[in-house]
1. The stretch 341-428: which GluC sites (Glu not before Pro) are DSSP loop and have at most 15 other beta-carbon atoms within 10 angstrom?
2. I need the P(r) histogram for the stretch 158-247: all alpha carbon pairs, bin width 5 Å from 0 out to the longest distance, whole percents.
3. All other residues with a Cβ under 10 Å from the Cβ of Glu305 taken together, and with Lys, Arg as +1 and Asp, Glu as -1, what is their net charge?
4. For the stretch 350-410, run through the trypsin sites (Lys or Arg not before Pro) and keep only the ones in DSSP coil with at most 13 other Cβ atoms within 10 Å of their Cβ.
5. Efficiency by 1/(1 + (r/R0)^6): what FRET value for Ala795 and Glu231, r their Cβ-Cβ distance, R0 = 60 Å, to the nearest 0.05?
6. Residues of the stretch 669-687 with the amide nitrogen closer than 11 Å to a label point 7 Å from the Cα of Phe559, along Cα-to-Cβ, please.
7. When the helix-only estimate is applied to the chain (DSSP H runs of n ≥ 4, each -39,500 (n - 2.57), divided by the residue count), what is the mean residue ellipticity at 222 nm, nearest 500 deg cm²/dmol?
8. Please figure out what share of the DSSP beta bridges in the stretch 508-615 is antiparallel and state it in percent, rounded to the nearest 5.
Amino acid sequence: MSTERRYDPKTVEPKWQAIWEAERTWEVSNDAAADADAFYVAEMLPYPSGEPHMGHLKNYAVGDAVAHFQRRMGRRVLHPIGYDAFGLNAENHAIRSGEHPRDSTTSSIAAFQREFRSWGVSFDWAREIATHEPSYYRWTQWIFLKLYERGLAYRAEAAVNWCPKDATVLANEQVIDGRCERCGTLVEARQLVQWFFRITDYADRLLDDLDSVEWPSHVVRMQQNWIGRSEGAEVTFTAPEMGVDYPVFTTRPDTLFGATFFVMAPEHPDVLRLAEGTEHEAAVREYVNHALTESHEDRGDADREKTGVPLGRSVINPVNGERIPMWVADYVLMEYGTGAIMAVPGHDARDHEFATKFGLPIRRVIEGGEELPYTGDGPLVNSDPRFDGIPNREALEQIVDWLDGQGRGHRSINYRLRDWLLSRQRYWGCPIPIVHCERCGLVPVPVEQLPVELPDVRDYAPKGRSPLAAAEEWVNTDCPSCGGPARRETDTMDTFVDSSWYFLRYCDARNDQAPWDPAVLSGWMPVDQYIGGVEHAILHLMYARFFVKALADMDLLDFQEPFLRLFTQGMITRDGAKMSKSKGNVISPVGYIDRYGADTARCYILFIGPPDHDADWSDEGVEGVHRFLGRLWRLGVDVAEAIDAPGPLLGPLETPQGDDLELMRKAHWAIDKVTNDMAGRFAFNTAIAAVMELVNECYRRRDAVQTATLHFATATAASLIFPFAPHCGAEVYEALTGERVWEQPWPDADPALLERDTVELVVQVNGKLRDRVQAPAAASREELEALARTPRLEAQVDGKEVVKVVVVPGKLVNFVVR
């Protein structure tokens, strides 16, 4: 350790980074996967577009702290890294930079690698992957074919969300307030043949298995709400002019006789076709496009004025044969039921408001209440002699039985979840391994011909169809089945397909014979601790869970859930606002790391507040953490000079007394505090604060304690700070002990030193330190206040009014005066 008293991260950090890289310190063999102490920690892999930002720093600072702690708790830790390199993020970045996506992605990955190494993150670099590499997407295509073989991948025409600027289809989840989440352009409705994954087949299991994981309750609720399970009946209404049946899901079949009109969601695939050729065609088309610009939250607002347009068609109510008019209205959402509803204005508030506005019939079919709409229970009226007079809940069951007997309805369970639309009309994505043959139809590419490599297309700008369609030499191929002429599928896969299985590939990243070795996977999977942003709480996590369950059903996996535990970190803001380039408030880690070092940036971003909460960046806070690391460094230099040579830590002194005892107590208190904060709730901010307290205590008692005591306390501080500031922690610990801190077990707190007969009480006036006193650990609040009234305190409050006394047992007494 340098005797230079000024902490210089530009010297310390490269030294340790070079050691870790040369010795391949953080690599772990797959032999460890079979060990009972194997532990798999993974952060959500980043999109490599541009350079890493503060959100990345926080994500990987959290993951690295977990990895270091678990290693020293005796676990064999797998901590890999990769890049979600396909998709709109990377392609749009390439368009802005004027580069080919392959070139810009390569440059971005190099920037991420450079930054991650400069942060000192303990990745197993031998397992590094990137989803745009053929060696990776070969197996993405293999998984697609497995799903296709099982009927879980299919092609169908559907009304889709179309971004005219990006010229591609968007999943519902990628439309925010009617606009493309990437570019903000208003989204349009289009009818296109698309590829889907049949995720709805797994709705119940996706819902039920949430009980088997340790996830934040708000994330579980988000998944539950997105799946949206409800019980009721599916009832068939017929449009006689079109000769088409329209099923409707309802939880209230007891009100069927009160249905006086029929409403379809603007996104319903038949809306435009139904209006075609009617006097309402233009109005319907305009209404549908406008509806797509509005958020589902706004459309579902009960207080929002109802709007709609007639379709010029009608359907027949199956319970009474009445012909009722069809409308399109934006208060009906495609995500619920079938995207169409029977409107019962006598017993539903939204239907009543709509009927009143447009002069549609309103009929009472349940007795009760003075005014309509009536939403309570009661006997049926104005329905059918078979059901009138029967309590509606009892009649509900009888009506469903009658519909079932007539073949016009049946009991049903409905889900809000929709099948996963994976087609993208963009260049930079994984090719879909299907060919179109006029003789054979859709033909999967044989496994031995994988990967179907993405061709080198230079004009990849979106033009409304996939740029791959212009690569004629690539598109034209031979049918694998009959040998005749065929054309390759030109849509590419949604980037969420790539990220739905990468955590499996990490386990066996260099296997070129299969996507994974089942024995290796059994040892590492499921992921013990997964870390990432809450913005992925629905899509990515849902899709990854679906993939795992589907692959398990094929006996390719022996587990049902990919991530046992989930931690979602909060956002880093600037002056209270979300960082964005348009606001000019984006903070790059590069400048701060260049000035203060990676340890300061890593420590501060975890010290700023609870890591699962949003936190506002402060330059003053960065300075404070840097000063703390400098104090630890100088303390290490002083202690290293005071000892003959680096040596092992001493245990508790046989009979420590006075200041030695108090400093030993503080060291073991810090061990206990940091351990509990790390092992339990990831309270990294309070863990770092505990190390700060220990360092302060070392300075306060350094001249009054034995060198051995100060040596133990200082080395303990370096050991405890290592998960957050690995370079500084490693340097100070080695200087004092001659050992590499990461090779040492995590320290244990001595229970005897955690028990105290007395505690030091801080005495404050208006929050400022004025004195310290010793107090019995079991003293009451009244006794603590009395002990705090020392002569020094009385001198401070003399002539002033004490308006309040704040007592924190075991900590402090604060006198508020004026």
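The values are calculated or read from the model by the stated rules, or taken from the named source; none is laboratory data. Just so it is clear, the model here is predicted, and its values are computed rather than measured. All Cβ positions, glycine included, derive from the backbone under ideal geometry; neighbour counts span all protein chains shown. In case anyone asks, the SASA skips ligands and DNA or RNA and just uses the protein heavy atoms, side chains included. Shrake-Rupley method; radii C 1.70, N 1.55, O 1.52, S 1.80 Å.
1. On the way: sites: Glu353, Glu367, Glu370, Glu371, Glu394, Glu397; in loops: Glu367, Glu370, Glu371.
The qualifying sites are Glu370, Glu371.
2. 3, 11, 14, 12, 16, 19, 15, 8, 2, 1, 0
3. Numbers: positive: Arg304, Lys306, Lys357; negative: Asp301, Asp303, Glu353.
So the surrounding residues net to 0.
4. Values: sites: Arg350, Lys357, Arg363, Arg364, Arg386, Arg393, Arg408; in loops: Arg363, Arg364, Arg386, Arg408.
Passing sites in the stretch 350-410 are Arg386.
5. Computed FRET efficiency for Ala795 and Glu231: 0.25.
6. none
7. Working: 27 runs with 302 residues, N = 818.
The helix contribution divided over the chain gives -11000 deg cm²/dmol.
8. Percent antiparallel among DSSP bridges in the stretch 508-615 is about 25.
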